[in-house]
Amino acid sequence: MKRSIQLLGVVLFVALLFVAWAARSAMQVVVGYSAKQVCSAVFVSGLPEEFVLDRDVLPNMAILGPLLGSLSVNTDRTAGVVSASLLGVGAKAVHLRGRGCALNAAGPGVAPLALAGGNVQSPGVPADLSEAVEAAFAEHSPATGSRNTLALLVATQGELLLEQYAPPVTQQTRLQGWSMNKSLMSTWVGIQTQKGELDPAQTLNVLLADDSEAPELDPELTLLHLLQMESGLDFVEVYGPGSDVTKMLYTAPAMWQVPAGKDQAYVPGEHFSYSSGDTAFASYLWQRSLDEPYEDWIAREFITPLGVDSLVAEADASGVQVGSSYAYLTARDWLRAGQLWLDAWHGRSTLLSQDWLRDSVSARPSDSQGQYGRGFWLNTGGVAFEGLPDNLFYAGGHAGQFVVVIPDWEMVVVRLGLTESGVSTGMHDFLVALADQGPSEMASE
């Protein structure tokens, strides 16, 4: 009996240790997310701290229940630092010069960025689309969560047709694209490939041959596999305490090392599995192909040619751009990126080749639904937007970020927001409303 009691005591002790470990892991994600999001909102976007807490941090952390009241967030604008703490667990995000906010990074922080660009004349909302725009910004009842549409823009044939914002967001507010950064990363790899500085079909073992920190990888695994979400690495895109993606984004100093350290679950190229880890790894490889700081390359090869003056591409604590998630642009500059993709699709861009873009928006055999290409979401067979053109493609991100490109209509649509989980963004209805107005007529005006 005594031995049984001792054994039970050991089991209970181990169980308590596991619960404590799981709780601490969860709290690390909470404080990491809170510090990072507030830092970027205040120092990069220029938004009020209260706004991002109310619309982003607190709704996303609501799972904490009564513990949410113990979450503390402190912003030091002079030091360029945001710190968050919860029951003794803390995290710090630092605003670095030229690289936005990085979680737990070393180095001195800097003051908030100036607002981007100037406040230029807006076309507003055409009368025949006012009802559709009103519906896109309409909120649901508090019981079902908030849509929080922050910006909605439409351009036809390169001309801005419609522009609407929800305060405090304006033309000058840089907004997070979340996974729309994946589409930018595909574009930047394409540009570097065209310059002959990178071969995305080369195996990763060859690309990393001189990297002492790189693990031995599947001999068939390539950079293209990473961009196409068909690496086969055992990285699971589930957002929860201790999961691969939350560990990568909120605890890892060098994010690429998390997916790189995973086992091979499938043969490369045979299985589609959406993975921020794949793109974080791809970002590291792209950055290795540069012979200068990545922000200098982006400024020369992307910002200047496009006239995009607001872009902030954030890095992790190791200095690698977080290609899966952390790029901030104004809505108008997200629209310019979409126009680049539209022009490349038609073969009229000097920056990005038609071959690269068309390949990037072609369905892969590994994806049976035809929903993903190379950094872009697709509409094969209406899989994303039923009843709309099959060749529609888009950059998409968490909380309802969209840059939708519709080649048949010569149209780019941008929708940015902080939509809560499970709430409709209204994007499908808005695109249908545009179709009902006659895109060809709008494009010819």
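FYI, it's all coordinate maths here, none of it is from the lab. As the structure is a prediction and not an experimental result, all values here were calculated from the model. Glycine also receives a Cβ, built like all others from the backbone with ideal geometry; neighbour counts cover every protein chain displayed.
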Those lysines that a straight Cα-Cα span of less than 23 Å connects to residue 36, excepting residues fewer than 8 apart in one chain: 92, 182, 247
Unit charges at the beta carbon, dipole of the chain: most positive-side option, 94, 190, 269: 94
For 173, 279, order by how many other beta-carbon atoms lie within 10 Å, fewest first: 173, 279
Estimated distance in nm for a label pair at residue 58 and residue 318, the labels positioned 7 Å out from Cα along Cα-to-Cβ: 3.7 nm
The stretch 227-371: C-alpha gyration tensor shape, a/c 1.5 cut-off, then a/b vs b/c: oblate
Dipole magnitude of the stretch 345-437 about its Cα centre (Cβ charges: Lys, Arg +1; Asp, Glu -1), debye to nearest 20: 300 debye
Gain in span if fully extended, residue 74 to residue 239, counting 0.36 nm per residue against the direct Cα distance: 56.9 nm
Sequence of 67, 357, 335 once ranked by neighbouring C-beta atoms within 10 Å, starting from the fewest: 67, 335, 357
Whole-angstrom gap from the stretch 256-312 to the stretch 354-397, using each part's C-alpha centre: 20 Å
log10 of Debye I(q)/I(0), alpha-carbon scatterers only, for the chain at 0.09, 0.10, 0.14 Å⁻¹: -0.58, -0.71, -1.41
Ascending count of other beta-carbon atoms within 10 Å, so fewest first, for 110, 154, 44: 110, 44, 154
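State the extension gain, in nm to one decimal, for the chain segment bounded by residue 51 and residue 67, taking 0.36 nm per residue of separation less the distance between their alpha-carbons.
Once the chain is fully extended between residue 51 and residue 67, it gains 3.7 nm.
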For the stretch 179-233 and the stretch 152-171, distance of Cα centres in Å: 34 Å
Cα→Cβ-extended label distance, 7 Å offset, between residue 291 and residue 205, nm: 2.9 nm
